[in-house]
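What follows is a single structure, written as structure tokens, with notes after it.
Rule-based calculations on the coordinates, nothing more; no lab input. Quick caveat: nothing in here was measured; it's all calculated off a predicted structure. Neighbour counts are summed over all protein chains in view; Cβ atoms, including those assigned to glycine, are modelled from backbone coordinates with ideal geometry.
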Amino acid sequence: MKKLLLVMLLVKSIFAYTEEDYDSYISMINDPLQKQLIRCEKEVQFHKDYGSPEVCIKAAEMYSKEKKLSAEQKKYFGEVYFNAAVMYNFGEGNQNYKKAAQMYQKSIDVGYCEFDQCSIKQNLGILYFAGAGVEENHIKAYNLFKSALEHGYSDAQRALQVLCTKSPWACR
């Protein structure tokens, strides 16, 4: 557990919007599902309690079906899975590393890895490195960290350094 907490310190978040920005945007939305999705994002960004990860996932899936989104549009729902993963990973009262790993993987699977969101791969790599919610696998962690770095997520360099110092055999 100490290893997981130490490695989690490598993860940083940069917030582009204030709580007031979210509140203003939410007040302008008429669609209740879209409103819930934005509340879920705000919850992750500011550690507020507007619902559980399950509520966020269900809202995204219902919105996706209702709006008949294309495959390209659905990839943006990777953010919802990412937000749910963060809630499970860092949440108080609902912390569940196994579900966090599943949601990180689902986010990756739908193609959600933008420049600043490739932290998804790093966060999943940290779970594999620590064996939190998944079987410990330093080679898989290495591949995820390396992929995050290749996608422009420079913080993954520190994660690679930590991993390769502890398990040089995994970094060959």
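Across all directions of projection, what mean area in square nanometres is found for the Cα convex hull of region 120-172?
3.1
Which chymotrypsin sites (Phe, Trp or Tyr not before Pro) in region 95-163 pass both tests, a DSSP loop state and at most 14 other beta-carbon atoms within 10 Å?
Numbers: sites: Tyr97, Tyr104, Tyr112, Phe115, Tyr128, Phe129, Tyr142, Phe145, Tyr153; in loops: Tyr112, Phe115, Tyr153.
Those that pass, being in a loop and sparsely packed, are Phe115.
Testing the spin-label approximation: label points 7 Å from Cα along Cα→Cβ at Ser24 and Asn96. State their distance in nm.
In this crude label model, Ser24 to Asn96 measures out at 3.6 nm.
Give me the net charge of Cys171's neighbourhood, meaning all other residues with Cβ under 13 Å from the Cβ of Cys171; Lys, Arg count +1, Asp, Glu -1.
Net of charged neighbours comes to +4.
How large is the dipole of region 102-172 about the Cα centre if only Lys and Arg carry +1 and Asp and Glu carry -1, each at its Cβ, rounded to the nearest 20 debye?
Magnitude of the dipole: close to 240 debye.
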